[in-house]
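Working notes, beginning with the structure itself.
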């Protein structure tokens, strides 16, 4: 299970926020590599001085994760998102995770979509 949110505030009075909640699974394909698949519920909202709009939809993604060593993991993915009124989008992502303990890691990575490129800081906690 996973959840994530993001908020973007622009200087010219536009605020964007999104929520992503879903489930996924990992399947080991070699000693140091996994394939990962996810399905998610998506919710997005935009607020401007002219009004606001929100939409929800679903998303699917598939990716590969590979261990470089016992503390560093690399990943790459492709994702498809579809919103009811807002259309659809395909995005590509990559990243690196640094494991501080077996339960906790922090990572960085870019994402590239049709209209927006992002850079993210993320964390994982295993329990």
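Read the figures in this text as sums done on the coordinates, not as results from a lab. Values in this document were obtained by computation on a predicted structure and should not be read as measured data. As a convention, Cβ positions derive from the backbone with ideal geometry for all residues, glycine included, and neighbour counts pool all protein chains shown.
Diffusion of segment 2-125 by Stokes-Einstein, at 10 °C in a medium of 1.306 mPa s and with Rh set to the Kirkwood radius over alpha-carbon pairs, works out to 100 µm²/s. Modelled label positions at residue 37 and residue 6, each set 7 Å beyond Cα in the direction of Cβ, lie 2.5 nm from each other. Using C-alpha pairs under 8 Å with a sequence gap of at least 6, the mean separation divided by the residue count of the chain gives a relative contact order of 14 percent. Once both labels are positioned 7 Å from their Cα atoms along Cα-to-Cβ, the gap between residue 98 and residue 82 label points is 4.0 nm.
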